Each structure stands twice: as structure tokens, then as C-alpha cells.
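Remarks on the structure that follows.
The values are calculated or read from the model by the stated rules, or taken from the named source; none is laboratory data. From a predicted model like this one, the values you see are computed outputs, not experimental measurements. Note: ideal-geometry Cβ built from the backbone for every residue, glycine included; neighbour counts use all protein chains shown.
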Amino acid sequence: MDDKLLVLAQNVAGIKTKKDTVNLALKEFVQRRQQKDIIDLF
């Protein structure tokens, strides 16, 4: 895992724990992919 990127993500999101940062990143990743899949249908 890229610790520098993780710390940057924590700072950008204002999140204190690595676990919460990773969970947020995964949630946002899944949402973006799902949105892309919907857009690709048109």
C-alpha cells in the first residue's frame, strides 16, 4: 500500500484513520464504476 498516497487521501478527506480512508475510497470507487456502467448503457 502506498503510505504517502494514503496520508494524502486522509488529509484531503479529513479522515483520521487509515481504515476509514480506505473504506471511503472503496465506496467512492464502486459508485463511480456503477455510474460509468449506467452511462455506458446509453
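Candidates are the residues of the stretch 11-42 that are hydrophobic (A, V, I, L, M, F, W, C) and part of a loop (DSSP other than H, G, I, E, B); the one that is nearest to the chain's Cα centre (by Cα) is Ile15.
Within the stretch 1-10, which residues are hydrophobic (A, V, I, L, M, F, W, C) and either within 12 Å of the chain's Cα centre (by Cα) or in a helix (DSSP H, G or I) (or both)? Hits for the stretch 1-10 are Leu5, Leu6, Val7, Leu8, Ala9. Lys36 satisfies every condition listed in (1) modelled with pLDDT under 95; (2) in contact with a Lys or Arg (Cβ under 8 Å, 6 or more places away or on another chain) except (2).
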